[in-house]
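I have placed the structure first, in the form of structure tokens, so that the comments after it can refer back to it.
The values are calculated or read from the model by the stated rules, or taken from the named source; none is laboratory data. These numbers were taken from a predicted model, which means no experiment stands behind them. No Cβ is skipped: glycine too gets one built from the backbone with ideal geometry, and neighbour counts run over all protein chains shown.
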Amino acid sequence: MSQQFIILSTARTGSNLLISLLNKNTKVKTDGEIFNFFSLKKENLISVLNNPKNYLNRHLKSNNLVEAKGFKIFYNHCLKGCLNFFRQKKSEKDFNQKFLKDLYKNEEILNQINIEEKEEKIEEIWNLIKNNKNIKVIHLKRLNILNTFISLKTAFLTNMWVTKNTNEISDPILKLDYEECLNFFKRIKNYEKKYDEFFSDHEKIEVTYEELVNNQEVIMRKIFVFLEVEYVEGKSALKKQSKKSLKDRIQNYYELKEKFKNTPYIYYFED
């Protein structure tokens, strides 16, 4: 049986980069966000809503040629409210029009089900993963959560989640709200702690975005050893979506930095 694993993380932490590097080894098969309900094809959404356990098992199975099989799952996936999120109308000033269109593409299906009942079943996904001790955990974090927040806000506005061509990069200047930043920082830190404890009895490796970008070969060798598969060298076709400094990306950078001066989050404002 192939080694099963998950990439545990949140959006904008380098998970697409990590998947592209893992899949350089043809004996590793890593799926994307299989529980990101807005991006699923209609038949897959129906499948996970009807039988979450079978859907999960299907994505952990592999043929004899695959030595490691996994997928990525974000902190907020399969939690209470995960389906209602896609039914709530969003402000057009904060989201790209195509993103909103994709977000509501499965609205007809969601309007026909009992949301609360389905969410209870979907929440069991976390326990199913936890109870399967054969599943190894790659916990991917980003040390600078402010960069995560900026990247997420930018992706919502541009609908650019991955980039292979530097000419396609769109990098708007953002005005950030202090309370929104603070709540995001706290939420991500709480998630990190929660899931470290939740998977404390699993084999687990922690990787940071910063390590993955700056020391790629060393980190990837460690991950391949962790998964017990051969290291395969390779470069990702994905491009970094911004090379600007924080003060050039945040319109009210100095104002925000001053407000965070006496908090544990002040170091996020250093490039």
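Numbers below:
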| quantity | calculated |
| --- | --- |
| Test: Lys24 is under 16 Å from Glu119 (Cα atoms), of a type in the set (Lys, Arg) and not in a strand (DSSP E or B) | no |
| Test for Asp171: is it modelled with pLDDT under 85, assigned to a loop (DSSP other than H, G, I, E, B), surrounded by fewer than 19 Cβ atoms within 10 Å (Cβ to Cβ) and of a type in the set (Asp, Glu) | yes |
| Helices (runs of 4 or more DSSP H) completely within segment 43-152 that count 3 or more residues being modelled with pLDDT under 85 and surrounded by 14 or more Cβ atoms within 10 Å (Cβ to Cβ) | 97-103 |
| Output for segment 2-16, where each listed residue is in a loop (DSSP other than H, G, I, E, B) and either hydrophobic (A, V, I, L, M, F, W, C) or in contact with a helix residue (DSSP H, G or I) (Cβ under 8 Å, 6 or more places away or on another chain) (or both) | Thr10, Ala11, Arg12, Thr13, Gly14 |
| Candidates Val232, Val225, Val218, Val213 - the one that is assigned to a helix (DSSP H, G or I), among the β-branched types (Val, Ile, Thr) and modelled with pLDDT under 95 | Val213 |
| Scope segment 26-42; condition surrounded by fewer than 13 Cβ atoms within 10 Å (Cβ to Cβ) and within 21 Å of Leu110 (Cα to Cα); matching residues | Lys41, Lys42 |
| Subset of segment 235-252 that is surrounded by 14 or more Cβ atoms within 10 Å (Cβ to Cβ) and of a type in the set (Gly, Ala, Ser) - its residue that is modelled with the lowest pLDDT | Ser242 |
| Residue pairs meeting the criteria (Cβ under 8 Å; at least 6 apart or on separate chains; first within 17 Å of Leu8 (Cα to Cα), in segment 174-202; second aliphatic (A, V, I, L, M) and assigned to a helix (DSSP H, G or I)) | Ile188/Ile145; Lys189/Ile145 |
| Only one of Phe184, Phe199, Phe226 that is in contact with an Asp or Glu (Cβ under 8 Å, 6 or more places away or on another chain) and surrounded by 12 or more Cβ atoms within 10 Å (Cβ to Cβ) | Phe226 |
